[in-house]
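Here's the structure we're looking at; comments come further down.
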């Protein structure tokens, strides 16, 4: 495992998951998607380029009314499936807190999908970190400041990398500028999955 990287306060843990662990986690996430199918979220600005699903007590959803957490899938009306143990194990290893997450957002990047600069601020207590797991194609991860605008720094996240946003970096703006298509063979048909764990309260 490569040394930890400090990206403007965000802890990046390169290669935290080895190849076998990535395969096992992907299988668990496929089971999540069978129970809670991916949807194309819509915001006030229009459709997002990623597809999303969730696991845990609460799932992150968005529509033209805004961003929020809900206890049920927006299309099926069913409760979200449990967060897989393979995913919880990463949180317990890197988060530094005793409380487990109650929301696991799964973003699927295909066909040129990206994620604009944003803050994770729909949660009730910013004292808990946000943990992000990368699977599949490499992605250019950009991190700014708590305030919008200004200087940023970027790094290519590879399959198996984990990022932890906590402390002073909990509310930094961040995003995915682009995905390097074909850089991984983990996902059938290519693409990238990002798993984001949060304590919502």
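Summary of computed values
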read-out: Among the residues listed as 31, 78, 71, 35, the single one being more than 30 Å from residue 168 (Cβ to Cβ) and touching a helix residue (DSSP H, G or I) at 6+ places or on another chain (Cβ under 8 Å); value: 78
read-out: Filter result (more than 18 Å from the chain's Cα centre (by Cα) and free of Cβ contacts under 8 Å to residues at least 12 places away in the same chain) within segment 7-46; value: 20, 34, 45, 46
read-out: Some residue of segment 149-161 being crowded, with 23+ Cβ neighbours inside 10 Å and either without any contact (Cβ under 8 Å) to a residue 40 or more places away in the chain or closer than 23 Å to residue 58 by Cα (or both); value: no
read-out: Unmet requirement for residue 58, which otherwise passes all of (1) at pLDDT below 95; (2) under 16 Å from the mean Cα position of the chain (by Cα); value: (1)
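Quick grid of which residues meet (1) farther than 22 Å from residue 55 by Cβ; (2) free of Cβ contacts under 8 Å to residues at least 60 places away in the same chain; (3) surrounded by 16 or more Cβ atoms within 10 Å (Cβ to Cβ):
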site	(1), (2), (3)
115	no, no, yes
121	no, yes, no
144	yes, no, yes
173	yes, yes, yes
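The values are calculated or read from the model by the stated rules, or taken from the named source; none is laboratory data. The shown structure was predicted, so the numbers you read here are calculated from the model rather than taken from an experiment. Ideal geometry is used to build each Cβ from the backbone, glycine not excepted, and the neighbour counts take in all protein chains shown.
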